Every structure is written in structure tokens, then in C-alpha cells.
Amino acid sequence: MSQPATLNGLKDQADGLRELFGQTSPPVHVVCCPSRPALALSLVRELSQGLIALERTVMWVDEIDFAYRELLPLPCKVKFDLSKTLQGFVDLDQSVTPLQSTLWYGLSLHTSRISEGVQTLSDRLMRSGVEFDCVVVSTAALKAASFKHYGARIHCTALTGCAPEELNQTFEWLSHTQDQTPVASWSLVLTGEAGSAESSVGWAEEKVRTSLGPHVKVLGHLETPLAQLPLNGAWNRWPELTAKLANHLLIH
């Protein structure tokens, strides 16, 4: 794996060889919790650490507005919004920052407003001098218009409670995303206690598959209600689920 020595868009000999032998662009994994967007931040942060421990190089794209972060700070100082690079106003290394040697971060609050065709982030990363394994996006609802600017292969994972109002909000996001961008795969993580028939996990799974088709994967279920999940260290409590989610990112 190449070392992240530069992100200024210059090609090197290795990049030329990868093009010659048909290097594919990194996949884009979108993680969203429509009812509580800040949970996507903590999950992507945890997943990124797991991926770099497996010697993967990751670009973390953060779409969570400040009003929905629940006081979670930005992980670093930000010079420019990533949308500035995608529109060609600044170089890539001005809008992304290395948090670790194989983990890069970019804040992307305005990318969904870009209407014209631009070179995707995945294509730019292929020419950056760094071999990225995946792009992971922490996003909030109603920003699906930005996903096509990140790459061609989009995989969506939603965190949702089992209560009807939470599921309906998640389905609205899934439907909106499907209308905006072709999606390669769908997956869900369910949270909340399985109680009445209306809010049971089995009912939730059936409702998901009826709405989106049998190809939707339910990756796991947590008994803890969505609103009670702590932001800091929440995913350390469920290492098996976190490992399963990381593996999902690796094989798609």
C-alpha cells in the first residue's frame, strides 16, 4: 500500500501503472442515522479506527451540520469545505486533513448544492499519490444529492430505531436517496427493545424488505433505544457488531 506522502493531485509512476492495469476507484460507504445524526459521527469514527488497524487507508467525509453534532467537535481545523475542491476552486490537499497516517478527514457541508457535473472525489483520490481503500461518509437526512459527487459505487447503511415513527423517518431517507443516486447495496442496524408486535424487530425487518426489496441486509440489532445510545465509546460496547460493520465495508 502506498504511503500518504501527498494529496496535491500529481501523478507518480505507481499511479500510471495502476491506470494501465485498471485500478478501480474506492467504494463509498454512507452511514446515516436520520433520527439522530450525531450517532453516524461516532460510528464512522469507530469504524475508521478499525479499518486503519487492518492497514486500510480511509477518507472520512463528514456531512453533519453543527446543529446536529450534539456538541461533538470537529476532529481537526478545517481550511476549506470539500465542495470547494470538487468544484475546482482549491486543491485537494487544502480541503482534507490527515488525522493519522492512513486516515484523512474532509468536512463537506455544501456538496449537496453542487448541481453541475464535477470530477468525483473517488477519481481525485485515485490521482492523489495515496492508495485509498474506501471513502466513508457520515451524513444526515436530505443530503443524498451529494453522494454522486463522491463516487460511482455507493453503499448505504442506516441506523434506525424500531418504533414506527423512527422507521418511517428512515424509510423516507432511504426513498429520497434511492431517487437521487443509484445505490449498490442497502443495510440496516436496528436499535430499541423488541416489545409489541408493531415495534418488534421481526416486523421492522419485514417492513424494510417489503419497502426496498430482499437485497437489504439487517446487519444487527441493539436492545438499547436510539435516544439512549451514548456518543462517546458507544460502539465499544458491541465489538461483534462493530467488527461486522467493518467487515461489511471491506467486502463491498
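The numbers here are math on the coordinates, done by the rules we state, and not lab data. The structure displayed is predicted, hence computed values, not measured ones. Note that we place each Cβ from the backbone using ideal geometry, even for glycine, and neighbour counts take in every protein chain shown.
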Efficiency by 1/(1 + (r/R0)^6): what FRET value for Glu165 and Ala53, r their Cβ-Cβ distance, R0 = 41 Å, to the nearest 0.05?
0.65
Take the cross-link list Lys84/Lys143; Lys84/Lys148; Lys148/Lys244 and give me the ones stretching past 22 Å between alpha-carbons.
Lys148/Lys244
Within the stretch 133-155, whose backbone N sits under 11 Å from a point 7 Å along Cα→Cβ of Ala184?
134-135, 151-155
Estimated distance in nm for a label pair at Lys244 and Leu71, the labels positioned 7 Å out from Cα along Cα-to-Cβ:
3.2 nm
Spherically averaged projected area of the stretch 21-125 from its Cα convex hull (nm²):
7.7 nm²
From zero up to wherever the largest Cα-Cα distance of the stretch 52-108 sits, split into 10 Å bins and tell me the percent of pairs in each.
23, 48, 27, 2
By DSSP, what percent of the beta bridges with both residues in the stretch 23-251 are antiparallel, rounded to the nearest 5?
10 percent
Label-point separation, Glu172 to Glu193 (7 Å along Cα→Cβ), nm
2.7 nm
So if I take the centroid of the Cα atoms in the stretch 213-252 and the same for the stretch 86-162, what is the distance between those two points in Å?
22 Å
With Rg from the Cα atoms and Rh as the Kirkwood inverse mean 1/r over Cα pairs, the stretch 23-251 has an Rg/Rh of 0.95
Computed FRET efficiency, Cβ-Cβ of Val78 and Val218, R0 51 Å: what is it to the nearest 0.05?
0.90
